[in-house]
Amino acid sequence: MKTISYLHFSLKNITFYLSFLLIIIALVIPFFQISLYLMHVLILMFYYIGYSSSWNLLAYSGQVSFGHAAFLGIGAYITTLFTIRTSLPFIGVLIGAIVSAFIGLLIGLTCVRLREWFLALVTFGFSIIMIALTIELDEFTGGTLGLIVPKLFPSINQYQYYFYYYYIMLTLAVFLVLISQFIIRSKVGLAFAAIRENELEAKATGINVMKYKLLAFTISAFFTGLTGAFYAHFIGFINHQIYSPENSFWPIIINVIGGLATIEGPVIGSILRFFIIEFLRIMEPWVRTISPGMITIYPKMQILIFGAILVVVIILMPKGIAPQLRKFLTPKE
Amino acid sequence: MTKSPLLELEKVTKSFGGLIAVRNIDFQIDRNEIVGLVGPNGAGKSTLLKIINRFYKQDSGSIRFEGEDISRLNPHEVCKMGISGTTQIAQAFPDMTAIENVAIGVLFGKLGRTSVNEAKKKAAEVLRFVEFSENKMETLVKNLNIAELRRVQLAKALATNPKLLLLDEVTTGLGHIEGEKAIELIRKIRKSGITILMVEHIMKIIMGICDRVIVLNHGEKIAEGTPEEVVNNEAVIRSYLGESSDCLK
């Protein structure tokens with residue numbers, strides 16, 4: 001019997017070797033004396049893989065959040081406030097993730113009966129509330145001026161800090177992809193998939209839909225909070241803009257392009273995001289030469305191009321790139 | 001000491017807005033029976049099944065399963081107690097394979113604690129029991145035909161390890177041969193010790209397979225008895241069977 005269901009990730013599958021190769025490449029890149037800038041954008045790419053994978057876990061249970069930046073920000077602020085007071089950043093990161101999970105559970109309780117646009121709007125509304133709260137509670141949060149986030153560990157210079165952080169974020173990204181795969185292949189993952197596919201039938205088959213939907217919210221918020229906390233310690237500064245709609249939309253764009261509710265989707269989407277943004281950056285001097293007027297709107301081009309890619313992907317590959325790629329890579333019998 | 005019936009309904013009433021779907025329904029089902037639920041369209045048959053598996057909450061009355069009141073339970077809770085079934089429109093998890101669909105029944109049904117791999121092995125056994133094609137076990141359910149889908153749905157219900165199986169028009173959409181096979185399968189399921197309550201609109205199936213028949217009309221029970229008693233019942237002939245009942249006698 002030799003067939004591959006979409007829940008399997010067999011060792012014999014080419015996808016496995018491709019993933020292995022990607023990890024090896026990622027591991028050796030810093031040894032090639034790459035620029036600080038490239039290190040920075042690669043770290044951000046790993047951050048987006050982690051963030052999108054965390055968001056994807058919720059989507060895997062059929063729930064779509066339009067306000068996940070809220071959990072990202074909670075993780076970031078909690079670790080910052082904790083580290084400022086205790087100088088224990090790693091514990092701060094963990095507490096940030098736990099608080100984020102707890103808030104995720106509470107939000108999940110209000111959202112668990114909502115579907116589609118109603119769920120999307122409530123989650124989006126929550127992230128907007130967080131912006132208002134952060135500005136209002138300026139005594140703690142620094143308001144619009146924000147807070148300086150202590151470093152995660154001491155370093156001789158910025159390059160060394162980036163060098164080590166590169167591996168921390170790579171580990172986080174790989175960990176979140178693997179843990180997503182583990183969850184998706186487990187009993188819990190089958191319950192998530194069943195709920196996504198047919199909620200009524202899931203109930204009829206003995207699945208406690210409410211419990212598993214809440215679990216999805218809590219797990220997703222935990223990992224998003226964890227990613228947000230590591231992101232804050234890397235960037236070194238946070239303010240209310242961490243809760244911005246743009247920050248909430250990135251995991252959606254990445255996952256829809258990469259492949260919604262797939263393991264590979266966040267990885268493909270984040271890598272694509274990295275290449276498009278870097279391509280636009282490389283093109284900037286050229287644009288400046290041929291049309292100086294364009295340069296004022298150039299930063300907005302990123303989102304414009306992603307919008308265009310999103311439209312093209314939705315029309316040509318409604319399930320995203322991953323399922324198409326999988327079909328292409330799966331050996332024919 | 002007398003053993004309580006497997007399922008017991010007492011004065012169950014359910015209305016949707018101003019429409020009373022079922023009214024004051026009483027009946028019992030004993031272990032290892034096949035009971036047919038018949039009646040014209042809109043009689044309340046499917047509603048009654050959905051009340052038993054808790055998708056609908058009754059307005060009044062009580063439901064007991066193995067002597068335990070299940071009136072306030074949720075669908076997943078009664079499934080774990082041993083009530084499972086199929087729906088009129090064949091439903092499944094379309095983007096999952098046949099074996100994954102059935103494995104979910106194993107994992108979350110009455111059997112409960114088992115690993116995913118064990119559940120898949122058990123799921124394969126159940127699929128074989130319902131005579132599902134061996135080489136389609138890893139096929140996505142959305143790519144199956146209606147007869148195969150019905151078998152997956154039935155296997156999924158059986159995988160939860162039910163004591164009572166609720167079948168809602170299980171032969172709908174099937175051709176003559178597939179329908180005959182489905183009937184054979186129902187007999188095989190009963191032989192394995194499972195009690196069956198089935199809604200069916202084809203009287204010949206009911207006559208050939210059921211030990212007892214309950215007839216509903218406009219949400220009320222108008223008759224109950226052996227298939228022979230029911231087809232000779234004046235009220236049933238008048239409201240449901242009409243003159244065509246002669247061919248069933």
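The listed residues are A:74, A:43, and the only one of them that is closer than 23 Å to residue A:132 by Cα and either in a helix (DSSP H, G or I) or among the hydrophobic types (A, V, I, L, M, F, W, C) (or both) turns out to be A:74. Tell me yes or no: at least one residue of the stretch A:2-19 is at negative phi, aliphatic (A, V, I, L, M) and at pLDDT 85 or above. Taking every residue of the stretch A:2-19 in turn, none turns out to be at negative phi, aliphatic (A, V, I, L, M) and at pLDDT 85 or above. Looking across the stretch B:98-126, the residues that are of a type outside the set (A, V, I, L, M, F, W, C) and outside any helix (DSSP H, G or I) come down to B:109, B:110, B:112, B:113, B:114, B:115. Among the helices (runs of 4 or more DSSP H) confined to the stretch A:149-211, the ones with at least 1 residues that are over 26 Å from residue A:264 (Cα atoms) and away from chain B (no Cβ under 14 Å) are located at A:158-185.
One residue stands out among those in the stretch A:76-130 that are among the hydroxyl-bearing types (Ser, Thr, Tyr) and surrounded by 21 or more Cβ atoms within 10 Å (Cβ to Cβ): the one that is nearest to residue A:209 (Cα to Cα), which is A:123. The number of residues in the stretch B:85-103 being closer than 18 Å to residue A:195 by Cβ and at the interface with chain A (Cβ under 9 Å from one of its Cβ atoms) comes to 11. With the requirement that a residue be surrounded by 22 or more Cβ atoms within 10 Å (Cβ to Cβ) and within 14 Å of chain A (Cβ to nearest Cβ), what does the stretch B:36-49 give you? Selection gives B:49 alone. Against the criterion of being of a type in the set (D, E, K, R) and closer than 15 Å to residue A:205 by Cα, residue B:136 does not qualify. Hey, any hits in the stretch B:58-79 for a residue that's of a type in the set (D, E, K, R), in contact with a helix residue (DSSP H, G or I) (Cβ under 9 Å, 6 or more places away or on another chain) and more than 10 Å from chain A (Cβ to nearest Cβ)? Checked against the condition, which is being of a type in the set (D, E, K, R), in contact with a helix residue (DSSP H, G or I) (Cβ under 9 Å, 6 or more places away or on another chain) and more than 10 Å from chain A (Cβ to nearest Cβ), the stretch B:58-79 yields at least one hit. Number of residues in the stretch B:104-127 that are within 9 Å of chain A (Cβ to nearest Cβ) and of a type outside the set (S, T, N, Q): the value is 9. For the stretch B:52-97, filtered to residues that are assigned to a strand (DSSP E or B), within 15 Å of the chain's Cα centre (by Cα) and among the β-branched types (Val, Ile, Thr), the residue that is surrounded by the most Cβ atoms within 10 Å (Cβ to Cβ) is B:83.
Among the residues of the stretch B:181-194, at least one is at positive phi and under 18 Å from the mean Cα position of the chain (by Cα). Out of all the residues in the stretch B:142-150, is one or more in contact with a Pro (Cβ under 8 Å, 6 or more places away or on another chain), within 14 Å of another protein chain (Cβ to nearest Cβ) and either assigned to a helix (DSSP H, G or I) or buried (at least 18 other Cβ atoms within 10 Å of the Cβ) (or both)? Scanning the stretch B:142-150 turns up at least one residue that is in contact with a Pro (Cβ under 8 Å, 6 or more places away or on another chain), within 14 Å of another protein chain (Cβ to nearest Cβ) and either assigned to a helix (DSSP H, G or I) or buried (at least 18 other Cβ atoms within 10 Å of the Cβ) (or both).
The values are calculated or read from the model by the stated rules, or taken from the named source; none is laboratory data. For clarity, every value in this text was computed on a predicted model and none was experimentally measured. A quick note on method: Cβ atoms are made from the backbone with ideal geometry, for glycine too, and the neighbour counts reach across all protein chains shown.
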